[in-house]
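A.B. asks: Take a look at this one; I'll ask things after.
The values are calculated or read from the model by the stated rules, or taken from the named source; none is laboratory data. Every value quoted in this text rests on a predicted model; they were computed, and no experiment measured them. Counting neighbours? That spans all protein chains shown, and the Cβs are built from the backbone with ideal geometry, glycine included. These accessible areas exclude ligands, DNA and RNA; they are computed on the full protein's heavy atoms, side chains included. Shrake-Rupley method; radii C 1.70, N 1.55, O 1.52, S 1.80 Å.
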Amino acid sequence: MNKTVLITGASSGIGLHFSHKFAESGHDVILVARSEEKLRSLAGELESQYGVKAIVVLSDLSKPEASKRLYDEVTTQGLQVDLLINNAGFGLFGEFEQTDVSKELDMIQVNITALTELSKYFGKDMVRRKQGKILNVASTAAFQPGPLMAVYYATKAYVLSFSEALANEWEPHGVKVMALCPGATQTGFSNVAELESSKLFQSGVMSVEEVVEAGYSDMMTKNKTVIIPGFKNRVLTKTIRFIPRKMVTNIVRKVQERI
Ligand SMILES: NC(=O)c1ccc[n+]([C@@H]2O[C@H](COP(=O)([O-])OP(=O)(O)OC[C@H]3O[C@@H](n4cnc5c(N)ncnc54)[C@H](OP(=O)(O)O)[C@@H]3O)[C@@H](O)[C@H]2O)c1
C-alpha cells in the first residue's frame, strides 16, 4: 500500500512541486489550500500521470477552527497520514507601523498556529504508531531578525525552534521532525509579500525545483533536522552566528530594502 503525505499550501510554489515529487515517487497525496480549481486540476494531473490517489481538502488555515476541522475530515475518511508537510505560509513587507495588522494576525495563524496544531494532531497519531515524518517549512529568515518583514521573520524563527525541539522529543518514538529552511526562492511568495523589487529577490533566487529536490532527498534519506538548500544559504546561516546580532539586523534591513 502507498504511504500517504499531506501537504499544506499544495496549490502553488514549493507545495505544488512537493506534491509532484511525492506522487512521482509513489505516494498518495492529500492536497490542502484555499484555491479549489488549482487543487482539483493538480489532483487530476497527479492521478493520471503517476497512478496515485490524490485527495483535495479545501481549507483556509488562517481561520482558528480550520486545522482541527482538517484533521477531523481526514480521519473521518479513514485516511492515515504517514508524512506531513507543513508548507502553507506567507509574508508581508513594510514598516510595522504601516502594515495591516489583520494580515499579520492571519500570518501568525497560518505560519505558526496551524503548523503547531497540525503537528500535534497528526504527530500524536504518528507517535502512537511509532512511525512518521513531519517537515515544517521555515526559511533562512529563521536565523536572524528581519526589519521590514519583522513578523514574518519572527514566525519562521518559531518554526525552526519548535521543529528542533520536537525532533528531540519524538526521536525516541520513531517520529522524525525536520525544518526546511530555503532562502529566496522563485515562487508566488514574493508577489504575495510585495517583495519583488527588494534587493533580496533581485539578487540570485533559487529555483523551486532545486529547493524541493534538496528538501525531498534530505527528508527521505538523511538524518538531518535542519535542511538548508543551497551552498550559499548554508554558509550564510552558519557565518552570521559569529557576527554581532545588531550588525546582522542592519545588514538584513539593507538587503530587504527596495531597489
Ligand atoms: N519563496 C520563498 O522565497 C520562500 C523562502 C523561504 C521559505 N518560504 C516558505 O515556503 C512556504 C511556501 O511558500 P511558496 O514560496 O511556495 O509561496 P506561494 O507560491 O505563495 O505558496 C504559498 C502556498 O500557501 C498557501 N496558503 C497561503 N495562505 C493560506 C491559507 N490561509 N490557508 C491555506 N493555505 C494557504 C497557498 O495556497 P492558497 O492561496 O491556494 O490558499 C499556496 O499554496 C511558505 O511557508 C514560505 O514562507 C518561501
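A.B. asks: Give, to the nearest whole percent, the P(r) tail of the stretch 1-143 beyond 22 angstrom, counting all Cα pairs.
C.D. replies: 38
A.B. asks: Based on alpha-carbon positions alone, could you give the equivalent ellipsoid semi-axes of the chain from the gyration tensor, as √(5λ), descending, whole Å?
C.D. replies: Equivalent ellipsoid of the chain: 29, 20, 18 Å, largest first.
A.B. asks: Also, quick follow-up: Under a cut-off of 16 Å between alpha-carbon atoms, report the aspartates and glutamates in cross-link reach of residue 254, not counting same-chain residues fewer than 8 places apart.
C.D. replies: Correct list for residue 254: 95, 196.
A.B. asks: Among 100, 218, what's the order by accessible area (1.4 angstrom probe), most exposed first?
C.D. replies: The most accessible residue leads, giving 100, 218.
A.B. asks: Among 35, 163, 19, which one shows the biggest mean-square fluctuation in a GNM of the chain, springs joining Cα atoms closer than 10 Å?
C.D. replies: Maximum fluctuation in the GNM of the chain, among the listed residues, is at 35.
A.B. asks: Please state the charge dipole magnitude for the chain, taken about the Cα centre, from unit charges on C-beta atoms (+1 on K and R, -1 on D and E), reported in debye and rounded to the nearest 20.
C.D. replies: So the magnitude is around 960 debye.
A.B. asks: Let me ask you something else. Just from the alpha-carbon atoms, what are the Rg and Dmax of the stretch 160-201 in angstroms?
C.D. replies: 15.6, 45
A.B. asks: Taking every eigenvalue of the Cα gyration tensor of the stretch 92-158, multiplying by 5 and rooting it, what semi-axes result, largest first, whole Å?
C.D. replies: 29, 13, 6
A.B. asks: Where in the stretch 160-259 are there trypsin sites (Lys or Arg not before Pro) that are in a DSSP coil and have at most 10 other Cβ atoms within 10 angstrom of their Cβ?
C.D. replies: Sites meeting the loop and neighbour criteria: 222.
A.B. asks: Which trypsin sites (Lys or Arg not before Pro) from the stretch 74-171 combine a DSSP loop assignment with at most 13 other Cβ atoms within 10 Å?
C.D. replies: Qualifying residues, ordered by number: 130.
A.B. asks: Determine the sum of side-chain charges near residue 134: Lys and Arg each +1, Asp and Glu each -1, restricted to other residues whose C-beta is under 15 angstrom from that of residue 134.
C.D. replies: So the surrounding residues net to +2.
A.B. asks: What number, rounded to the nearest 500 deg cm²/dmol, is the helix-based mean residue ellipticity at 222 nm of the chain, given -39500 (n - 2.57) per DSSP H run of at least four residues and division by all its residues?
C.D. replies: -15000 deg cm²/dmol
A.B. asks: Looking at the chain, which longest stretch skips every one of the GluC sites (Glu not before Pro) that is in a DSSP loop with at most 16 other Cβ atoms within 10 Å, leaving the sites themselves out?
C.D. replies: It runs 98-193.
A.B. asks: Which entries in the list 133/222; 176/224; 133/238 go over 18 Å, if you measure between the two C-alpha atoms of each?
C.D. replies: Listed pairs above 18 Å: 133/238.
A.B. asks: Show 76, 113, 155 ordered by accessible area, largest first, where the area counts protein heavy atoms only and the probe is 1.4 Å.
C.D. replies: Largest to smallest exposure gives the sequence 76, 113, 155.
A.B. asks: Next question. Rolling a 1.4 Å sphere over the protein heavy atoms, what is the accessible area per residue of the chain, to the nearest Å²?
C.D. replies: Per residue, the chain has 48 Å² of solvent-accessible surface.
A.B. asks: Going down the list 21/68; 103/246; 21/120; 103/156, which pairs span over 19 Å between their C-alpha atoms?
C.D. replies: With Cα atoms farther than 19 Å apart: 21/68; 103/246; 21/120.
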